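Novice: Here you go, one structure.
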Amino acid sequence: MLERFFPNMYVKSIFHLNVDKLIKKGIKGILVDIDNTLVSFDIEEPTDEIITLFSTMLKKGLKVMLISNNTKERVDLFNSKLNLKTIHKAKKPRVINIKRAIKMMNLKNNEVALIGDQIFTDVFGGNRANLYTILVQPVSCKDEWKTKVKRGLEKKVIRKYIEYKRT
Ligand SMILES: [Mg+2]
């Protein structure tokens, strides 16, 4: 029942991902959430560390796209130094724009990983679209109010997930 909220992988941050291992699993494309996955929602631009990580991913042959529920202005400004393909107002956990992203990358759903910090938008949406879902810990404890209300319940699901992984 709760399993549809469980990610395939849970890591401390996007920098803790083993990119080569993902590629070995058959992952060819990565959809990345922005707010609190890469930076706090009030930080406008990517850090140098993020720019380097994405260029490493691209060099290894991965396709990388940003997929955010935030506005066009937010996503475009964040992307100005990255020049990735993007989807704003993605409405995750709805699958319509996730499916559109897969199409834009010209990949199949089992070749795509979705990385995000929220269970009920990123992980649930990615699972519904049959992607490989990767949950990261939020980079900041600052959240928009609409996210804040979900964090309590999210912690409970993560606790269940950790128990489930142990058994
Ligand atoms: Mg987020």
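Bear in mind these aren't lab numbers, they're just calculated from the coordinates by the rules spelled out. Everything numeric here is computed off the predicted structure, so don't read it as measured data. No Cβ is skipped: glycine too gets one built from the backbone with ideal geometry, and neighbour counts run over all protein chains shown.
Novice: Would you work out the charge dipole size for the chain about its Cα centre, treating the Cβ of every Lys and Arg as +1 and the Cβ of every Asp and Glu as -1, and quote it to the nearest 20 debye?
Specialist: Magnitude of the dipole: close to 820 debye.
Novice: May I ask for the percentage of alpha-carbon pairs in the chain that lie more than 23 Å from each other?
Specialist: Across the chain, Cα pairs with separations above 23 Å total 32 percent.
Novice: Would you work out which of Ser55, Thr147, Ser80 lies farthest towards the positive end of the dipole of the range 28-167? Charges go on Cβ: Lys and Arg +1, Asp and Glu -1.
Specialist: Thr147
Novice: So how compact is the range 17-61: Cα radius of gyration and Dmax in angstrom?
Specialist: Reported Rg and Dmax, both Å: 11.8, 35.
Novice: Can you work out the base-10 log of I(q)/I(0) for the range 97-154 at q = 0.13, 0.24 1/Å, using the Debye formula on its C-alpha atoms alone?
Specialist: Per q value, in the given order, log10 I(q)/I(0) is -0.37, -0.92.
Novice: Got a sec to turn the phi values of the range 134-139 into Karplus ³J(HN,Hα) couplings, 6.51 cos²θ - 1.76 cosθ + 1.60 with θ = phi - 60°, whole Hz, x for Gly and Pro?
Specialist: 10, 9, 10, 6, x, 5
Novice: Still on this structure: State which entries of Lys81/Lys148; Lys72/Lys103; Lys63/Lys89; Lys81/Lys156 exceed 27 angstrom in Cα-Cα distance in the structure shown.
Specialist: Lys81/Lys148; Lys81/Lys156
Novice: Here's a follow-up. Can you list residues whose amide H is under 5 Å from Lys63's amide H, if they're 5+ apart or on another chain and H is modeled 1.01 Å from N?
Specialist: Gly29, Ile30
Novice: Let me ask something additional. Summing -39500 (n - 2.57) over the DSSP H runs of n ≥ 4 in the chain and dividing by its residue number, what mean residue ellipticity at 222 nm do you reach, to the nearest 500 deg cm²/dmol?
Specialist: -11500 deg cm²/dmol
Novice: While we're looking at this one, here's another question. Provide Rg over Rh for the range 1-75; use the alpha carbon set for both Rg and the Kirkwood Rh (inverse mean inverse pair distance).
Specialist: Expressed as Rg/Rh, it is 0.98.
Novice: Among Phe41, Gln118, Val95, whose Cα sits farthest toward the positive end of the charge dipole of the chain (+1 at Cβ of Lys/Arg, -1 at Cβ of Asp/Glu, about the Cα centre)?
Specialist: After comparing all options, I get Val95.
Novice: At 7 Å along Cα-to-Cβ for each site, give me the label-to-label distance between Ile51 and Asn109 in nm.
Specialist: With each label placed 7 Å out from Cα toward Cβ, I get 3.7 nm.
Novice: Using a ≥ b ≥ c from the Cα gyration tensor of the range 69-167 (square roots of the eigenvalues), is it rounded, prolate or oblate, where a/c under 1.5 gives rounded and otherwise the larger of a/b and b/c decides, a/b for prolate?
Specialist: It comes out oblate by the Cα gyration axes.
Novice: If amide hydrogens are placed 1.01 Å from N in the peptide plane, which non-local residues have theirs closer than 5 Å to the one on Thr133?
Specialist: Here the answer is Asn8, Met9, Leu114, since their amide H atoms fall under 5 Å of that of Thr133.
Novice: Hey, what's the Kirkwood Rh for the range 61-110 if you take every pair of different alpha carbons, in angstrom?
Specialist: Numbers: mean 1/r = 0.0886 Å⁻¹.
Evaluated over the range 61-110, this radius sits at 11.3 Å.
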